[in-house]
1. Could you check, for segment B:142-156, whether at least one of its residues is within 16 Å of ligand 1 (Cβ to nearest atom) and out of contact with any Pro (no Cβ under 8 Å at 6 or more places or on another chain)?
2. Of all residues in segment B:67-125, which are aliphatic (A, V, I, L, M), open to solvent by less than 40 Å² (accessible area, probe 1.4 Å) and assigned to a helix (DSSP H, G or I)?
3. With (1) under 22 Å from the mean Cα position of the chain (by Cα); (2) within 14 Å of chain B (Cβ to nearest Cβ) as the list, and A:L147 as the residue in question, which single condition is left unmet?
4. Anything in segment B:130-180 that is within 14 Å of another protein chain (Cβ to nearest Cβ), of a type in the set (K, R) and not in a helix (DSSP H, G or I)? List them, or say none.
5. Take the residues in segment B:225-253 that are in a loop (DSSP other than H, G, I, E, B) and free of Cβ contacts under 8 Å to residues at least 40 places away in the same chain; name whichever of them is surrounded by the most Cβ atoms within 10 Å (Cβ to Cβ).
6. Tell me which of these B:L69 doesn't satisfy, since it passes every other one: (1) free of Cβ contacts under 8 Å to residues at least 12 places away in the same chain; (2) within 15 Å of the chain's Cα centre (by Cα).
7. For segment B:32-66, enumerate the residues that are in a strand (DSSP E or B) and within 12 Å of ligand 1 (Cβ to nearest atom).
8. Does at least one position in segment A:4-23 carry a residue that is out of contact with any helix residue (DSSP H, G or I) (no Cβ under 6 Å at 6 or more places or on another chain) and within 23 Å of A:I267 (Cβ to Cβ)?
Amino acid sequence: MNWRKKTEEVVAREIMRFSTYSLILILVFIIAVIFVKGFSSLTPDMVLKTPQGGFYYGGEGGVLNAIVGSIYIACGATLIAIILGIPAALYINVSLTRYKRLKNIIRFFLDALWGIPSIVYGAFGFTLMLLMGMNASLLAGIIVVALLITPIMVRTFDEILSTIPRGLHEASLALGSTRTEMAYRVLFKQGFSGFITAVLLAFGRGIGDAASVLFTAGYTDLIPTALDEPAATLPLAIFFQLSSPIPEVRERAFAAAAILTIIILIISLAARYLSARYSKTNLR
Amino acid sequence: MNSSVITDTNLSEINLGIRGNGHPPIVSVKNLNVYAGNHHILKNINLDIPKNKITVLLGPSGCGKTTLLKCMNRLTDLYHELKVTGDVWIDGDNILKSNDNIAALRQKMGLLSQRPYPLPMSIFKNVAYGIKLKGIYDKKLIQYNVEKYLREVGLWEEVKDRLHQPAVGLSIGQQQRLCLARGLAVRPQIILADEPTSALDPISSKIIENLFKELKKNYTIILVTHVLRQAVRLADHVVFMSYGEIIEEGAPADLFKNPATEKLREYIYDGN
Ligand SMILES: Nc1ncnc2c1ncn2[C@@H]1O[C@H](COP(=O)(O)OP(=O)(O)OP(=O)(O)O)[C@@H](O)[C@H]1O
Ligand SMILES: [Mg+2]
């Protein structure tokens, strides 16, 4: 009788073990390929210089323009997403606690926005720019990426806020908080690790997305100095160089990919550290 | 009133008069009904809570004790499915009808729930939180009050060296006393305690019980409990509920020795 349970147990455990480790293996494999292929091009020049003459045919220079452009766009867009996202997520969880249906409708729309492919955002942004007579620019890129990542930000933060026990809401209201005080002084703190996760996801999506900035931010070999100038981005730098017939240039695409991966890893580590540090006071 | 017509309602009003015996009620619940869809959770509750006494709410699980407490500080607002009608008078204010500044009205009552919910901040800030909400920002005054209320619940000696550490690091029993301290710090008149000892060990429970005996000099306490012995130890007034109705109420000596209804008798003897 017992052997059935035992085999069941073993099989289930092995399946879980296999899935977990194969995911990690895939990640390691991807990173390895990028670094091996890009290694010889991953020089200080690559990170410290903008493209010089003939860069795209194997000449001197680096992708500093794209690194700076990507960071500008991702930071600008994340900032907008935070400014819009915090009140929105808190609103859903505080003012709408009584209105289940409205809450579900809003969540449905946000999920739908999350699911729209980024090329659609890019096309939408492009249309809007034409209507407003704007050129491809840092500002346009920031706005479109912000549109892309705000729903991610709101929904991720919202998911965490919605797990906060009702008892904590009750406790803070019973002490005499208004709903706003409860939202910003208690729930925001309690959901802080979720907030950090939300920022991280939004930033990661923003810095890595190519389709939304393709038409809106443009591309340039220069480092943008104003919001109305075009800006290069790492995903597009990868895309352009990878489509080159020259092997050295394709190698540089992998170096750029490695740089993008490193930026994302640094942000993830920082986020983990921050959320561990600031959620020590939280109810578990 | 025509005394020859004695209806159910004025009978209970006469009872209210007798029960008060000199103690003016501080909370007065009138014709309170709570519905959740078709479910009639509280059925025409009329209840007076005597001042500076411990009133114990007893009754089988699901009879509406927690809901009754939540009506008193209008935490029912948080639940869209609940429909509340009737009046709850507290110190001259109709809690259920008042629309302005419900936050300030809630400060007339401190809440102690079944399990402690420390705010996500330090021990000190947990107590300071409500004090600041009252508009007190003077550092010295806040410090003075934090110490005062932590002493009042007997927690000061245990936490004075780690005031700035997270409150969640305390044991459950300590957390519950912290929650009591932070509730007292907003200077309520009434303490609403919903099975405050059910998650605690016997020693912590004893501490809370003894605190309540002290606190009733200055506060009115409404206590929900499932522990009959606790009710006997603490109650000045007992309210027995079943299926959303008040079945019996009175002094504990009368009620426990000679229960007038079959329901209460069953509840008392099945509990043992
Ligand atoms: N928000 C709600 N929506 C629907 N029904 C509810 C809600 N809150 C309470 N009820 C119902 O009201 C009844 C009374 O609940 P309440 O929590 O007040 O009981 P209680 O006397 O405190 O029970 P216990 O001793 O188990 O804590 C229960 O039948 C419960 O299912
Ligand atoms: Mg209850």
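The values are calculated or read from the model by the stated rules, or taken from the named source; none is laboratory data. Keep in mind it's a predicted model, so treat the numbers as computed, not measured. Every residue, glycine as well, gets a Cβ built from its backbone with ideal geometry; the counts of neighbours run over all protein chains shown. Heads up: the accessible areas ignore ligands, DNA and RNA and are worked out on the full protein's heavy atoms, side chains in. Shrake-Rupley method; radii C 1.70, N 1.55, O 1.52, S 1.80 Å.
1. Restricting attention to segment B:142-156, the residues satisfying the condition of being within 16 Å of ligand 1 (Cβ to nearest atom) are none.
No, because not a single residue in segment B:142-156 is within 16 Å of ligand 1 (Cβ to nearest atom) and out of contact with any Pro (no Cβ under 8 Å at 6 or more places or on another chain).
2. Listed by number, the residues that qualify are B:L68, B:L69, B:M72, B:L75, B:L78, B:I102, B:A103, B:L105, B:I123.
3. (2)
4. Of everything in segment B:130-180, those that are within 14 Å of another protein chain (Cβ to nearest Cβ), of a type in the set (K, R) and not in a helix (DSSP H, G or I) turn out to be B:K134, B:R162.
5. Initially, segment B:225-253 is screened for residues in a loop (DSSP other than H, G, I, E, B), giving B:225-227, B:235-236, B:243-244, B:251.
Next, from what is left, pick out any that are free of Cβ contacts under 8 Å to residues at least 40 places away in the same chain: B:227, B:251.
Numbers: B:V227: 17, B:A251: 14.
Among those residues, the one meeting the criterion is B:V227.
6. B:L69 satisfies all of (1) free of Cβ contacts under 8 Å to residues at least 12 places away in the same chain; (2) within 15 Å of the chain's Cα centre (by Cα) except (1).
7. Going residue by residue through segment B:32-66, those that are in a strand (DSSP E or B) are B:32-36, B:39-50, B:54-58.
Matches in segment B:32-66: B:V34, B:Y35, B:A36, B:H39, B:H40, B:I41, B:L42, B:K43, B:I45, B:L57, B:L58.
8. Start the filter on segment A:4-23 by keeping residues that are out of contact with any helix residue (DSSP H, G or I) (no Cβ under 6 Å at 6 or more places or on another chain), which leaves A:4-23.
Cutting the leftovers down to within 23 Å of A:I267 (Cβ to Cβ) gives us A:23.
Yes - at least one qualifying residue is present in segment A:4-23.
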